[in-house]
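Only one structure is covered here, and it is reproduced in the block below.
The values are calculated or read from the model by the stated rules, or taken from the named source; none is laboratory data. Owing to the predicted nature of the structure, the values given are computational and were not obtained by experimental measurement. Here the Cβ is made from the backbone with ideal geometry for all residues, glycine too, and neighbour counts use every protein chain on show.
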Amino acid sequence: MATPKTTPGGGAKEKAGAGGAVPVPQRLMAAATRLFSERGYDRTSVQEIVEAAGVTKGALYHYFGSKDDLLHEIYGRLLRLQQDRLDAYADAEQPVEQRLRRAAADVVVTTIDNLDDARIFFRSMHQLSPEKQKQVRAERRLYHERFRDLVQEGQRTGVFNAATPPDLVVDYHFGSVHHLSSWYRPDGRLTPQQVADHLADLLLRALRP
């Protein structure tokens with residue numbers, strides 16, 4: 001996935017700001033995320049991004065190379081966070097039912113906490129280059145496979161009902177996660193954790209023998 005380039009020169013330093021500036025890559029990412037969420041990826045220009053970030057086009061191309069790279073990195077930072085957390089839950093010394101429930105709830109909370117990122121990605125993934133789309137699918141597949149391993153472990157040991165194919169179980173849960181950006185509102189009656197607990201409980205009930 002795209003990661004900000006960090007070699008010196010070529011616009012690496014922009015407006016310092018009092019008390020120390022937010023690093024340029026973070027400013028570009030924040031501006032791009034806000035604009036992509038408000039206007040859409042295709043209706044946001046590179047010029048609008050750099051103006052909102054208070055940098056030059058040279059700075060953007062130094063760190064990211066293209067607007068396409070910014071979109072890819074918006075996806076990448078969320079997936080890296082979720083993958084690291086899933087790995088931690090999966091490797092914990094706990095019964096598989098607890099590990100799966102924590103992992104199932106966590107992906108809901110982290111998606112809601114980064115709802116703009118999720119909304120932008122699922123709305124704009126098709127606008128990535130074919131090469132980056134292929135990379136995205138491969139990265140997401142690795143995440144789903146790690147989640148599926150927990151389901152398979154529980155089915156193999158008799159903790160979960162083995163009647164439902166594990167791939168279908170994964171699709172069932174992540175179908176709900178992927179739709180969060182279309183209906184969840186921060187001012188709604190359910191907190192992120194409450195939504196996560198409900199969806200995780202639904203998954204575990206479906207898997208009980």
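Sort out which residues of segment 82-141 are free of Cβ contacts under 8 Å to residues at least 12 places away in the same chain, assigned to a helix (DSSP H, G or I) and of a type in the set (Asp, Glu), and write them in order of number. Hits for segment 82-141 are 84, 91, 131. Residue count for segment 37-56, restricted to those that are at pLDDT 95 or above, in a helix (DSSP H, G or I) and not small (Gly, Ala, Ser): 6. Check segment 181-196 and report whether any residue there is more than 20 Å from the chain's Cα centre (by Cα) and either assigned to a helix (DSSP H, G or I) or touching a residue at least 24 places away in the same chain (Cβ under 8 Å) (or both). No, because not a single residue in segment 181-196 is more than 20 Å from the chain's Cα centre (by Cα) and either assigned to a helix (DSSP H, G or I) or touching a residue at least 24 places away in the same chain (Cβ under 8 Å) (or both).
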